[in-house]
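Undergrad: A single structure is presented below for examination.
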Amino acid sequence: MVDISAYFVAGGDRRIAELAAANGLTVQGVDLRQAERAAHFGNTVRFVSKETALRSSHIIVNAMNLTRSRRSRFFNVGYFSRESLQQTRKGLIFINVTRGEIAPESVLLERYQSGQIAGLGLDVFTREAEFATLFTGGDVLGEDLTAARTLVDMALNRTGNVYVQPHQAFHSDLAVKAKAAETIKHLASWYRNNGTRFDDQLPYS
């Protein structure tokens, strides 16, 4: 049995859980609003604590919104810290599809080189505006950007089990149509509720 844990916390994508389950994976979710999220997912995802997910998962997918405000209970800069990832199974597959600041590249690279992480899938990086300049002759500033550049080079040179792609790679024809349909659905619900709320609305603060 392969356990995959999707970290939602302040958001998340039901499609991740659906695709994982369809491929025979046991799906766990991590979210501070477990009761609301369980209902949102139709009780198809078993919600567990961060610690349980770290210890039991073969695959971790980060699908969290980035929350930089330290006053928010959803603050998650550096959420996947060195100490957190040291608790995981050896041979973990780690996938980050939302924001690099949640899982610093210096920590991911260190855990990969130690063998704790066996594979990385990334389409986001820390401080992406600065990160982009690395490919146009800009200076490398800070350990996370240095590690990010190393990870990209490993992926391009096929010298590691690292996969990277542009963050816009989800803009397939199918995805664009689905987003357009969701946008119209939310607009209709907003007007149906007299401009007070959407039908699918969860707290983020």
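The values are calculated or read from the model by the stated rules, or taken from the named source; none is laboratory data. Computed from a prediction, not measured in an experiment: that's the story for all the values here. Here Cβ is always computed from backbone atoms with ideal geometry, including for glycine, and neighbour counts include all displayed protein chains.
Undergrad: Which residues, taken from the range 40-68, are at pLDDT below 90 and among the charged types (D, E, K, R)?
TA: Hit for the range 40-68 is ARG46, nothing else.
Undergrad: Which one of these is surrounded by 11 or more Cβ atoms within 10 Å (Cβ to Cβ), at pLDDT 85 or above, in contact with a helix residue (DSSP H, G or I) (Cβ under 6 Å, 6 or more places away or on another chain) and assigned by TED's automatic domain parsing to the domain that holds ASP31: ASP153, ASP123? Give the derivation first.
TA: Numbers: ASP153 fails: in contact with a helix residue (DSSP H, G or I) (Cβ under 6 Å, 6 or more places away or on another chain).
Going through ASP153, ASP123 in turn, the sole match is ASP123.
Undergrad: Pairs needed: first member in the range 184-201, closer than 18 Å to GLU36 by Cα; second member anywhere, modelled with pLDDT under 90 and part of a loop (DSSP other than H, G, I, E, B); C-beta distance under 8 Å; at least 6 residues apart or different chains.
TA: Partner pairs satisfying both residue conditions: ASP199/ASN193.
Undergrad: Among the candidates PHE131, PHE135, single out the residue that is at pLDDT below 90, of a type outside the set (D, E, K, R) and surrounded by 17 or more Cβ atoms within 10 Å (Cβ to Cβ).
TA: Exactly one of PHE131, PHE135 is at pLDDT below 90, of a type outside the set (D, E, K, R) and surrounded by 17 or more Cβ atoms within 10 Å (Cβ to Cβ), namely PHE131.
Undergrad: Still on this structure: Taking the residues in the range 77-99 that are touching an Asp or Glu at 6+ places or on another chain (Cβ under 8 Å) and of a type in the set (A, V, I, L, M, F, W, C) as candidates, determine which candidate is farthest from ILE60 (Cα to Cα).
TA: To start, the set of residues in the range 77-99 that are touching an Asp or Glu at 6+ places or on another chain (Cβ under 8 Å) comprises 77-78, 82, 87, 96-97.
Right, trim to of a type in the set (A, V, I, L, M, F, W, C) and you get 77, 97.
Values: VAL77: 17, VAL97: 11 Å.
Checking each candidate, the answer is VAL77.
Undergrad: What pairs can you find where one residue is in the range 39-50 and of a type in the set (A, V, I, L, M), the other is at pLDDT 75 or above and not in a loop (DSSP other than H, G, I, E, B), and their Cβ atoms are less than 6 Å apart, with a gap of 6+ or different chains?
TA: VAL45/ALA17; VAL45/VAL27; VAL45/GLY29; VAL48/GLN28
Undergrad: Which is farther than 23 Å from VAL152 by Cβ and of a type in the set (Lys, Arg), of ARG127, ARG89, ARG82?
TA: On the way: ARG127 fails: farther than 23 Å from VAL152 by Cβ; ARG82 fails: farther than 23 Å from VAL152 by Cβ.
None of the other options fit; the residue is ARG89.
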